1. Read through the list (1) within 28 Å of Cys305 (Cα to Cα); (2) open to solvent by less than 30 Å² (accessible area, probe 1.4 Å); (3) not basic (Lys, Arg), then give the number of the only condition that Asp210 fails.
2. Step by step: first the residues of segment 205-248, then only those that are of a type in the set (Asp, Glu) and farther than 17 Å from Cys191 by Cβ, then the one that is farthest from the chain's Cα centre (by Cα). Which residue is that?
3. Considering only segment 160-181, state which residues are within 34 Å of the chain's Cα centre (by Cα) and either among the small types (Gly, Ala, Ser) or surrounded by 23 or more Cβ atoms within 10 Å (Cβ to Cβ) (or both).
4. May I ask you to say which residue of Thr278, Thr314, Thr265, Thr296 is touching a residue at least 12 places away in the same chain (Cβ under 8 Å), in contact with a His (Cβ under 8 Å, 6 or more places away or on another chain) and open to solvent by 30 Å² or more (accessible area, probe 1.4 Å)?
5. If a residue has to be surrounded by 13 or more Cβ atoms within 10 Å (Cβ to Cβ) and not in a helix (DSSP H, G or I) to count, how many in segment 98-114 make the cut?
Amino acid sequence: MRRAVLALVGSLVALTLATPSHATLNACSAAKKKCVAKKAAALLKCHFKDEKPPGLSAGAMTTCLQKAKDKFDGGATPAKGCFAKLEAKYPGGCLTVGDTTTLENITDAYVAQVVCTLDPLSGFCPIPTPTPTCPAPPPTPTPTATPVGCFAVGQACVLGSQCCSNVCMGGNCQASCSDGIQDGAETGVDCGGGTCPTCPLGGGCGAASDCTNAICMAGQCTCGSGTANCDLNPNNGCEVSTASDPANCGNCGNICNLQNTATDTCISGVCHIGSCSTGYADCDGMFANGCEVNLTSDFQNCGFCGFLCGPMQTCVNSMCQ
């Protein structure tokens with residue numbers, strides 16, 4: 001019994017000596033962190049030298065960056081790399097092994113991000129793709145997919161329930177204007193094509209006749225010049241004439257409110273004077289500034305445009321005094 005106990009104790013001691021301690025694992029991990037820090041510092045130092053006048057030549061910059069890389073991964077001799085030396089120093093004592101490439105890529109990406117954030121024009125940053133300045137054309141409505149488990153238009157059928165359109169005539173499934181699917185000659189979903197009602201704003205079209213408002217552009221029903229869908233209801237089309245509506249003159253919500261006017265009008269999308277408020281007149285003929293003259297007190301336009309009071313006179317209640 002005593003011999004068995006001694007043998008068991010001996011085995012546990014040997015196992016303990018063979019297992020790396022937590023302190024050893026931490027030492028290897030800490031040393032690897034130092035390797036990463038040194039590489040990041042070396043890379044940033046290359047960029048610092050390049051930005052310091054007169055800067056580094058292209059060849060010198062490449063050589064500087066390569067030296068930082070070689071110290072980390074060993075270059076042509078991987079065993080001389082920083083991580084490889086540590087793994088040899090702590091055999092079986094590193095938390096991870098074979099992680100040189102992963103940590104190197106992470107470090108390179110981090111340094112590149114720092115450099116480009118501090119100096120976007122350094123020449124080491126990717127050239128951003130210019131954003132198009134022109135608005136993209138409106139998307140063409142995507143036809144609703146044919147439901148699974150029913151027959152499409154043109155397939156053989158016996159009952160209407162077999163067809164996605166619920167219409168079976170002459171032994172074949174026929175298109176319907178109420179099945180929620182763009183089928184048959186339809187240019188939009190359940191509209192257009194001459195066989196179904198016209199399509200509302202935003203609906204698909206192939207010609208003006210497919211649209212409720214009779215304007216088809218780029219395959220979509222839209223408002224024409226001088227009209228707009230100000231209530232955002234596609235079913236009543238382009239209900240506002242922005243060419244003549246003083247409450248939506250030129251654009252939805254642009255209310256004509258010229259200076260000192262009783263009424264305003266909208267002509268070709270531009271606000272004009274309808275009539276002046278009492279006691280005011282449009283003497284300069286420029287509708288943009290409204291009825292700019294007060295006829296009751298302006299001695300140069302007293303009572304009427306251009307009526308000038310005499311020397312030392314003023315205009316009181318449209319009368320020269």
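1. (1)
2. Taking segment 205-248 as the starting set, the residues that turn out to be of a type in the set (Asp, Glu) are 210, 231, 239, 245.
Adding the requirement that they be farther than 17 Å from Cys191 by Cβ leaves 231, 239, 245.
Values: Asp231: 25, Glu239: 30, Asp245: 33 Å.
If we take residues in segment 205-248 being of a type in the set (Asp, Glu) and farther than 17 Å from Cys191 by Cβ, then Asp245 is farthest from the chain's Cα centre (by Cα).
3. Step one: filter segment 160-181 for residues within 34 Å of the chain's Cα centre (by Cα), giving 180-181.
Gly180, the sole residue that qualifies.
4. Numbers: Thr278 fails: in contact with a His (Cβ under 8 Å, 6 or more places away or on another chain); Thr314 fails: in contact with a His (Cβ under 8 Å, 6 or more places away or on another chain); Thr296 fails: in contact with a His (Cβ under 8 Å, 6 or more places away or on another chain).
None of the others qualify; the one that does is Thr265.
5. The total comes to 1.
The values are calculated or read from the model by the stated rules, or taken from the named source; none is laboratory data. None of these values were measured; they are calculated from a predicted model. Glycine gets a Cβ as well: all are built from the backbone with ideal geometry, and neighbour counts include every protein chain shown. Each accessible area value is taken on the protein alone, full model and side chains, heavy atoms only, with ligands, DNA and RNA left out. Shrake-Rupley method; radii C 1.70, N 1.55, O 1.52, S 1.80 Å.
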